[in-house]
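See structure below.
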Ligand SMILES: Cc1ncc(COP(=O)(O)O)c(C=O)c1O
């Protein structure tokens, strides 16, 4: 009997797709320029490749190329979005609502903000792991600053009614930020930021056959 490894954890990471590897190889070998060093040809090549990738990623989620920010992964992106939004506040006050089943990379920065003075409340989910949108509606208040609801849960696979949640939040107060961690969704299920009404969305490439961060 041979010991054959069967990998059941594609929700956390995937092997690199051969096509992705082939596309990336030139940049891991000879074309290693820094895109910020565009005074020379190697840097210009890298910048061109980044710009092309930005257009490709934007078209995947119906965003504009200039709205795409590349990061090292979802944890960095979640921290950037959540702390970026709250960092613009003069005082650590206001309420943050997050779904009960967010990833630790959302839970942890929110926990830090709670210690700094923000009020944090968790939107409950039903037995299928879907947020209770009626509860979300009840939980909104004039001091709500940010709502975080992930697109799809990594562990149980529940797909959240993001468009409905955005609609509830924006019709209560369009100034409330809505953050959606789509790390386990984009690339697997259709994600269209315009249709969902999202600002901002997070979508790292680690979990869909890309090179590791
Ligand atoms: C929904 C979700 N958010 C965030 C992360 C963290 O991703 P990363 O390892 O790229 O920081 C993961 C990883 O599995 C995830 O599934």
As an exercise: evaluate residue 9 against (1) surrounded by 11 or more Cβ atoms within 10 Å (Cβ to Cβ); (2) within 21 Å of the chain's Cα centre (by Cα); (3) not in a helix (DSSP H, G or I) and give the number of the one condition it does not meet. (1)
Here the qualifying pairs (Cβ atoms under 6 Å; residues six or more apart or on different chains; first in region 42-56 and touching a residue at least 12 places away in the same chain (Cβ under 8 Å); second in a helix (DSSP H, G or I)) come out as 54/65
Need the failing condition index for residue 108 against (1) in contact (Cβ under 8 Å) with a residue 12 or more places away in the chain; (2) in contact with a helix residue (DSSP H, G or I) (Cβ under 9 Å, 6 or more places away or on another chain), just the number. (1)
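So if I check each of 143, 126, which one is over 12 Å from residue 179 (Cβ atoms), more than 16 Å from the ligand (Cβ to nearest atom) and without any contact (Cβ under 8 Å) to a residue 40 or more places away in the chain? Write out each step before concluding.
Details: 143 fails: without any contact (Cβ under 8 Å) to a residue 40 or more places away in the chain.
On inspection, the qualifying residue turns out to be 126.
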What are the pairs with Cβ atoms under 8 angstrom where one residue, in region 172-194, is within 23 Å of residue 17 (Cβ to Cβ) and the other, located anywhere, is away from the ligand (no atom under 13 Å from the Cβ) and outside any loop (DSSP other than H, G, I, E, B)? Sequence gap at least six, or different chains. 182/61; 186/60; 186/61; 187/60; 191/60; 191/61; 192/61
Scanning region 89-104 for residues that are at pLDDT 95 or above and touching a helix residue (DSSP H, G or I) at 6+ places or on another chain (Cβ under 7 Å), the one farthest from residue 162 (Cα to Cα) turns out to be 96
Among the numbered criteria (1) surrounded by 11 or more Cβ atoms within 10 Å (Cβ to Cβ); (2) away from the ligand (no atom under 16 Å from the Cβ); (3) at pLDDT 90 or above; (4) in a helix (DSSP H, G or I), which one does residue 19 miss? (1)
Within region 32-70, which residues are surrounded by 14 or more Cβ atoms within 10 Å (Cβ to Cβ) and more than 25 Å from the chain's Cα centre (by Cα)? 33, 38, 42, 43, 44, 45
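The values are calculated or read from the model by the stated rules, or taken from the named source; none is laboratory data. Given the structure is predicted, the values throughout are model-derived calculations rather than measurements. Here the Cβ is made from the backbone with ideal geometry for all residues, glycine too, and neighbour counts use every protein chain on show.
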